[in-house]
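To start, the structure itself, in C-alpha cells.
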Amino acid sequence: MNAFLLNINGAVRKVEADPAMPLIYVLRNRLGLMGAKLGCGLEQCGACAVIADGERVLSCVRTVSEFEGRAITTIEGLAEEGELNPVQRAFLDAGAAQCGYCTSGMVIALTAYLEAEEHPDRRGALEALEGHLCRCGAHADVLRAVDRLLADGA
Amino acid sequence: MAPNPSLLNNPALDDWLTFGADETVTVRSGKVDIGQRISTATALLAADELDVDPGRVRVARVETGLSPDEGLTVGSQSMAQTGNAVRQAAATARRHLLARAACVLGVDVATLEVEDGEIRSHATNRRTSYWELAADGPFGIDVDPDAPLKPRTALRHVGTAALARGLEDIVRGRPHFLHDMSLPGMLHARLVRPPHYHALLVGLNEAVVDRLGAEGIEVVRDGSFLAVAAADEYAAVRASGRLGAAASWELGDGIFSGDVYEGLRGNEKVSLPVIDGTPAEAPVAPLEGPPADAAVTLEARYERPYQMHASMGPSTAMATFDDGRLTVVTHSQGIYFLRLALADALGMESEAIHVRHAPGAGCYGHNGADDAAFDAAIVARALPGAPVLLKWSREEEHAWEPYGSCASMDLRASLDGHGRIAAWSHETYSDTYSMRPHPGPDGTGAARLLSARFLAEPLEPHVPGPALGRHVGIHRNLDPLYDLPEKRLVKHLVRDMPLRVSALRSLGAYANVFAIESFMDELAAKAGSDPVSFRLRHLSDPRGRAVIEAAAERLDPAGTDCPQGRGRGLGFAQYKNSETYAAVIMEVSVGDRGEIRLERCAIAADAGEVVDRAGLAAQLEGGVVQAASWTLHEAVTFDRDGITSRDWDSYPILGFDNVPVFETVLIDPGRAPFLGAGEATAGPAAAAIANAVCAATGLRLRQIPFTPESVRAAALQS
Ligand code: FES
Ligand code: FES
C-alpha cells in the first residue's frame, strides 16, 4: 500500500492504495464515488470514463499512480452547487438512458468534448461518443440530447 | 378482456397502494424496473386516477414478502399486468376514500372534488384529504378490476412524455445500481470459472490457497465451484486471477463444436404442429406438393446464430447468510421464483430467504442475474455474518450467460395466378428459450442455476420439454398475422445443442419475424408487387394495416424519394399476435466493402392506450437498435475449448457510428388495453434491414449476422 494525493472534483484527497490499482477501484471503493461504472475493465466500453486535465480518460486499467498531480473530474463533480451541467440536464430532459449503466461515461465524454471544443458539432460529438457502448439501445435519445445541446449552443 | 393474473393472484388493495403519513402514496408492484420505465408509467397512472401530483407517488422497491407476486418481468407484460393493476387499484382506492369523505363531511359524494389529494365539496367549507382518511387503517378490501376509471379527457399526466424516474440520480452519478451497494463489513467476491461448461476441477495448488489465506483472502470451494472473497474489491480481483492459475481442470470432450445449423437439422428433436399460435400434441403433417392453383412456389431457409444479452454491467448479487437466514439483493427479473430456486438449491425453507430487487445493467432477458445470486449465496453461506457482494467479470458475463438460441427457419409458399398466397409452410428449428429458474413441479428451478452443475453434489442441468403455450418460446410469432388460406406451421425443439440458452428479448419472435417478413418481400417481388401493397393485400386486421400505412407515409419503401444507391425495407408484426403492432422501415446504404449503414428508420406502432410517450418510444427505438446490432454484428463464437466471444472485441455490438435517424409514430387508439411494446420491434427491424439491403443491392441475405464479409460473399455468388 502506498499513499497517494489525488485532486478529485476540486479537492485534494489522500488515499492508501496498491500502486497497481486501477483508478476506478480507488474512486469507488476508497472515495465512495460510485458514478464511474466498471463495465469491462478492458478499456472497451466507456462506462468508467472520467475527465483528467480536461481530457476524457478511461479509469479501469490505468493505475492510480498515473493520476497523481492531474485534475480529475468524475460525474459527481459536474454539477455546480447542485445545478446539473448542460450535458446532465440534456440527458435528463431527453430521457437519454434506459438502465443507465452506460450513462455516466457518455455524460463525461460529451462534457469533455464540449468544454474543449470552441465550435462543437454533431460529428465531433459522435466521435466523442465512439467507444461508448450501450446495450439497451438508448442511442436515439442520447443523440436527441446531443442535438439539444448543440442547438442551445452549449 | 382476459382477467389480469396480477390481480387474481394479489387481490388485496393494501398490497398495491398505501397512503403515508407524509402525504405520499406508495405504489407496490411485482414487476421490476429494468429500464423499461414501468415505475414511471405506474406513477403516472396512479397520480392521474387519484388526482395527486406524481411527485407524491413513490414506487416501492420490489421484494419478497412485501411486493405483490407478479411472477416474472418478461414478455412485455409490465403494462398489461402491473399498469392495469395499479390503475384499477387507484380507481378502487379513490372510490372508497371518496365514499368515506362523503360520510365524514356529510355531503353527497357527487359534490366532491379532489386536488392533489385534498378533498373538498362546494356543499361545505370543510375539507379532508386521502391521508387523513387513510390514517384510519388499511383498506381491507379487494381491488375492483372493473372500478370505473376517470374519463381520458380528465387525465393530466397519462399520455405525456414524462421525465424518467431514477434518471436524475443516474446523471448525477449517485449510487443507483446493485453494483454500487456498500455495507459495513462487506466482502467483495469474485469467481474462478472453469474453462467451459463440462470442465471439472481436479487440482488446486494448496500453497496458493494458504498464501491467500495469510493475506486475509477467503477461498470458497464446493466441488468445481471456486470463489474468493476479500474486504477490498481489487484484492478480490487479483486473488481470483492467482487462484485461477492455481487450478487444474479435467476438460473432458470439451464443447461440441460442429456446425450449429447442421446440429439443428440432424440432432434429435421434438416436433409439433402449431395451430393458431399454439403447439398441438399431434403428428406433424408432411409437406405436400404445391396446391393445384399454384402459379409460383418459393422456398427459402433463414438462419440466426447464438446471440447474447451482453449487458453493459457484469451480473452481480449481494447475499448475507446470518443465523440460518439468507438475504439476497439481485437484479433478477423474477424474485419470487428465484427465492424458490435458491431454497431448493441450498436445501433451505423459502421462508428463510428474503430476496429484493436492485437495478442492474439492462438486458431485457435472462442474463446472469439469477446465476450470480446463487453464486453469492454459496459464498455467503460459507462466510456467515458478512454481506457478500459478488460480481462476475466481463469475460464471465460473455462466456457464461444463457444465450439466445440459434434457429433455422424453412419457409415455402405458393402464389396463385392473382399474386395471392395460396399455401404457406414454416418450420422453425431451435433450442429452448425457457431456462429461467422457474420452480417447476420437480424442483427444476435449482437445476437451471448455472453453478448447480459444478457443486460437490451437482444437479444435472435441466432439460425442459417443449413450451406449449400460445406464442411462447420457439413458436413466438411463428403464426403470421396475414390472412392465409392454408398454413402449415411446425416447431422443432432440438436436443443436445452445444451452448447454454434461455430467454433473449422477444424469444423466437426475432428469428420468426425476420424469416416471415423477408419471405414476404421475396414473394412480393415474385408477384410483381411492392412490399406495402403485397402485405396489405393479405392483411385485414385494421390496426395492423394502420401501422404499415403510417410507417410507409413517413418512409415509403417504394418511394421515388429514396436517394440513389440506398434501399428501403419494411418489416411488420404484431408481437405474439396479441400485443403491440409495429411496422419498421429502414433506409440503408451499402458500402464498397459490404458494410451496411443504417440511414433512416421510421417506426409506427399501436401499443394500446399510451401512458408514457417517451418511455414507449424509447422501448420501440431501443428494440430496433438492439435488433440492428444482433442483425449486423452478432454471433457467439466457440470451439472445443470454450466460448471465444469473451469481450467487446471478440463480440462487437453496434455503436454510435451507425444509428439511423428515427421518426417514430405512436398511434394512440384512445382507451384500449395496454399492449406490450418492449419486444415488438426486434423482428420487424431485422427483416427491414434485410429487405432494405435487397432493395439497395439486389442481394438477399438470409443468414444473420449481415457482416461485411457475408455481404461480399453474397455479392460473389450473385
Ligand atoms: S470499464 Fe473501462 S472501458 Fe469498460
Ligand atoms: S441505457 Fe442500458 S446500457 Fe445504455
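Which shape class applies to the protein assembly as shown: rounded if a/c is under 1.5, otherwise prolate when a/b exceeds b/c and oblate if not, where a ≥ b ≥ c are the square roots of the Cα gyration tensor eigenvalues?
rounded
Could you list the residues of the stretch A:34-52 with an amide nitrogen less than 13 Å from a label point located 7 Å from the Cα of A:Glu115 in the Cα-to-C-beta direction?
Once the point is set 7 Å along Cα→Cβ of A:Glu115, A:50-52 turn out to lie under 13 Å by backbone N, inside the stretch A:34-52.
Using a 1.4 angstrom probe on the protein heavy atoms only, could you order B:Glu522, A:Glu130 from most to least accessible area?
Sorted descending by solvent-accessible area, the residues read A:Glu130, B:Glu522.
Mind checking the per residue accessible area of the stretch A:2-76 for me, 1.4 Å probe, whole number of Å²? Please list the in-between numbers first.
Details: 2700 Å² over 75 residues.
Here the per-residue accessible area is 36 Å².
List the relative contact order of chain A as a percent without decimals, with contacts defined as Cα pairs under 8 Å and 6+ residues apart. Kindly include the intermediate steps, with their values, before the conclusion.
Numbers: 266 pairs, mean separation 36.2, N = 154.
Relative contact order, chain A: 24 percent.
Given chain A, what percent of its DSSP beta bridges are antiparallel, to the nearest 5?
Details: 14 of 16 bridges.
So the antiparallel bridges amount to about 90 percent of the total.
Any aspartates and glutamates with Cα under 15 Å of the A:Lys37 Cα? List them, leaving off those in the same chain fewer than 8 positions away.
Partners within reach: A:Glu76, B:Asp169, B:Asp180, B:Glu233.
Just how much of B:Arg646 is accessible, in Å², when a 1.4 Å probe is used and the result is rounded to the nearest 10?
60 Å²
Determine the order of B:Leu716, A:Leu126, A:Leu5, B:Leu616 by accessible area, beginning with the largest, at a probe radius of 1.4 Å.
On the way: B:Leu716 155, A:Leu126 50, A:Leu5 100, B:Leu616 30 Å².
Accessible-area ranking of B:Leu716, A:Leu126, A:Leu5, B:Leu616, largest first: B:Leu716, A:Leu5, A:Leu126, B:Leu616.
From Cα pairs below 8 angstrom and at least 6 apart in sequence, can you work out the relative contact order of the stretch A:2-76, rounded to a whole percent? Write down the numbers at each step before the final one.
Numbers: 146 pairs, mean separation 28.9, N = 75.
Over the stretch A:2-76, the number comes to 39 percent.
When the solvent-accessible surface of protein heavy atoms is calculated with a 1.4 angstrom probe, in what order do B:Arg301, B:Arg172 fall, highest first?
Working: B:Arg301 110, B:Arg172 45 Å².
Listed by decreasing accessible area, they come as B:Arg301, B:Arg172.
Okay, helix-only estimate at 222 nm for chain B: each DSSP H run of n ≥ 4 adds -39500 (n - 2.57), divide by all residues, round to 500 deg cm²/dmol; what do you get? Don't jump to the answer; show the numbers that get you there.
Numbers: 19 runs with 206 residues, N = 718.
It comes out at -8500 deg cm²/dmol, rounded to the nearest 500.
What shape does the stretch B:5-157 have by the C-alpha gyration tensor, where a ≥ b ≥ c are the square roots of the eigenvalues, rounded means a/c under 1.5, and otherwise prolate means a/b greater than b/c and oblate the rest?
prolate
Take the alpha carbon gyration tensor of chain B, find the square roots of its eigenvalues, order them as a ≥ b ≥ c, and report rounded if a/c is under 1.5; if not, report prolate when a/b exceeds b/c, else oblate. All intermediate terms of the calculation are to be shown ahead of the outcome.
Values: a/c = 1.86, a/b = 1.06, b/c = 1.74.
It comes out oblate by the Cα gyration axes.
What's the extension gain from B:Phe256 to B:Val109 if we count 0.36 nm per residue and subtract their Cα-Cα distance?
Numbers: separation 147, 0.36 × 147 = 52.92 nm, distance 7.12 nm.
Fully extending the segment from B:Phe256 to B:Val109 adds 45.8 nm.
Can you tell me the 0 to 90 degree angle between the C-alpha axis of helix A:103-116 and the longest principal axis of chain A, rounded to 10?
80 degrees
Between B and A, buried accessible area summed over both sides at probe 1.4 Å, in Å² to the nearest 100? Each step should come with its number before you reach the end.
Working: alone 27510 and 8120 Å², together 31370 Å².
Its buried surface, counting both partners, is about 4300 Å².
Report for the stretch A:2-76 the percent antiparallel among DSSP-assigned beta bridges with both residues inside it, nearest 5.
Numbers: 13 of 15 bridges.
Around 85 percent antiparallel, to the nearest 5.
Have a look at the DSSP beta bridges in the protein assembly as shown and tell me what percent are antiparallel, nearest 5.
On the way: 99 of 128 bridges.
Just about 75 percent of them are antiparallel.
In whole percent, how big is the carbon plus sulfur part of the accessible area of the protein assembly as shown, probe 1.4 Å, protein atoms only? Intermediate results must be reported in sequence, preceding the final value.
Working: 15290 of 31370 Å².
That fraction is 49 percent.
Calculate, for the stretch B:633-718, the solvent-accessible area per residue in square angstrom, rolling a 1.4 angstrom probe over the heavy atoms of the protein chains.
Values: 3250 Å² over 86 residues.
About 38 Å² of surface per residue is accessible.
Could you work out the relative contact order of chain B, using alpha carbon pairs under 8 angstrom and six or more residues apart, expressed as a whole percent?
Working: 1667 pairs, mean separation 99.5, N = 718.
Value for chain B: 14 percent.
Per residue, how much accessible area does the stretch B:5-157 have with a 1.4 Å probe, in Å²? Kindly include the intermediate steps, with their values, before the conclusion.
Details: 6210 Å² over 153 residues.
Per-residue accessible area for the stretch B:5-157 comes out at 41 Å².
Using a 1.4 angstrom probe on protein heavy atoms only, which residues from the stretch B:299-328 are buried by at least 30 Å² of accessible area when all chains are present rather than their own chain alone?
Residues passing the criterion (a loss of at least 30 Å², heavy atoms only) are B:Met312.
What residues of the stretch B:344-370 lose no less than 10 Å² of accessible area with every protein chain in place versus their chain by itself (probe 1.4 Å, heavy atoms only)?
B:Ala361, B:Gly362, B:Tyr364
Calculate the mean, over all residues of peptide B:615-621, of how many other protein chain Cβ atoms lie within 10 angstrom of the residue's Cβ.
Working: counts 2, 0, 3, 10, 3, 2, 6.
Mean partner-chain Cβ count within 10 Å for B:615-621: 4.
Looking at the stretch B:200-235, which residues lose a minimum of 40 Å² of accessible area between their chain alone and all protein chains in place, measuring with a 1.4 Å probe and not counting ligands or nucleic acids?
Residues of the stretch B:200-235 that lose at least 40 Å² of accessible area once the other chains are added: B:Asp232, B:Glu233, B:Tyr234.
Can you spot the aspartates and glutamates whose alpha carbon is less than 12 Å from B:Lys269's alpha carbon? Ignore those fewer than 8 places along the same chain.
Within the straight-line limit of under 12 Å, B:Lys269 reaches these aspartates and glutamates: B:Asp431, B:Asp496.
What is the distance in Å between the Cα centres of the stretch B:86-110 and the stretch B:320-355?
39 Å
The values are calculated or read from the model by the stated rules, or taken from the named source; none is laboratory data. All of these numbers come straight from a predicted model, not from anything done at the bench. Note: ideal-geometry Cβ built from the backbone for every residue, glycine included; neighbour counts use all protein chains shown. We work out accessible area using only protein heavy atoms, side chains counted, and drop any ligands, DNA or RNA first. Shrake-Rupley method; radii C 1.70, N 1.55, O 1.52, S 1.80 Å.
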